[in-house]
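Participant: Input: one structure, supplied below.
The values are calculated or read from the model by the stated rules, or taken from the named source; none is laboratory data. Here the structure is a predicted model, which is why all the values come from computation and not from measurement. Ideal geometry is used to build each Cβ from the backbone, glycine not excepted, and the neighbour counts take in all protein chains shown.
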Amino acid sequence: MDKNQIITQGRARFEHHAAKKLLKEKYEAKMVFGYNGGLFRAGPELLMTIEVCPDDKSVIVDEYGNPVEINTTELKQLAQQIWQEQMNMWLTEFNSIRKNR
């Protein structure tokens, strides 16, 4: 392996890592949504929090630490929808950058 090949491979790995990090930040930002005056982040943590709420109406803490009254069924459906849409798009884009590597 010559010097130019090593440099090219190193750059490709660095660029792939940077693209992967940027992609993660992009889709994590798209997971944030508003509901009933609060700001929430769709994901496993929110879904599990909703899951342990005993009633259809509950109070949970949003991203800013504010208590927000929620309808658990409604918020769960919305969070699952946003989570799945963004994860599918993230996977599609991730697979395309992985192929370019």
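Participant: Would you check which residues across the range 52-61 are surrounded by 16 or more Cβ atoms within 10 Å (Cβ to Cβ) and of a type in the set (A, V, I, L, M) and list them?
Facilitator: Ile60, the sole residue that qualifies.
Participant: Every residue in the range 33-66 that is hydroxyl-bearing (Ser, Thr, Tyr), without any contact (Cβ under 8 Å) to a residue 24 or more places away in the chain and not in a helix (DSSP H, G or I), please. So that I can check it myself, show each step before the final result.
Facilitator: Here is the first cut: in the range 33-66, the ones hydroxyl-bearing (Ser, Thr, Tyr) are 35, 49, 58, 64.
Next, from what is left, pick out any that are without any contact (Cβ under 8 Å) to a residue 24 or more places away in the chain: 49, 58.
Answer for the range 33-66, where residues must be hydroxyl-bearing (Ser, Thr, Tyr), without any contact (Cβ under 8 Å) to a residue 24 or more places away in the chain and not in a helix (DSSP H, G or I): just Ser58.
Participant: Among the numbered conditions (1) loosely packed, with under 15 Cβ neighbours inside 10 Å; (2) over 30 Å from Leu22 (Cβ atoms); (3) out of contact with any helix residue (DSSP H, G or I) (no Cβ under 8 Å at 6 or more places or on another chain), tell me where Asn71 comes up short.
Facilitator: That leaves (1) as the condition not met.
Participant: Going by what's in this entry, would Ser96 be described as without any contact (Cβ under 8 Å) to a residue 40 or more places away in the chain, among the hydroxyl-bearing types (Ser, Thr, Tyr) and assigned to a helix (DSSP H, G or I)? Don't jump to the end; show me each part of the working.
Facilitator: Details: without any contact (Cβ under 8 Å) to a residue 40 or more places away in the chain: yes; among the hydroxyl-bearing types (Ser, Thr, Tyr): yes; assigned to a helix (DSSP H, G or I): yes.
Spelling it out, Ser96 is indeed without any contact (Cβ under 8 Å) to a residue 40 or more places away in the chain, among the hydroxyl-bearing types (Ser, Thr, Tyr) and assigned to a helix (DSSP H, G or I).
Let's see how each residue does on (1) closer than 26 Å to Lys76 by Cβ; (2) surrounded by 11 or more Cβ atoms within 10 Å (Cβ to Cβ); (3) at pLDDT 90 or above:
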{"residue": "Lys3", "(1), (2), (3)": "no, no, no"}
{"residue": "Ile7", "(1), (2), (3)": "no, no, no"}
{"residue": "Ala12", "(1), (2), (3)": "no, yes, no"}
{"residue": "Glu15", "(1), (2), (3)": "no, yes, no"}
{"residue": "Lys26", "(1), (2), (3)": "yes, yes, yes"}
{"residue": "Met31", "(1), (2), (3)": "yes, yes, yes"}
{"residue": "Asn36", "(1), (2), (3)": "yes, yes, yes"}
{"residue": "Gly43", "(1), (2), (3)": "yes, yes, yes"}
{"residue": "Ile50", "(1), (2), (3)": "yes, yes, yes"}
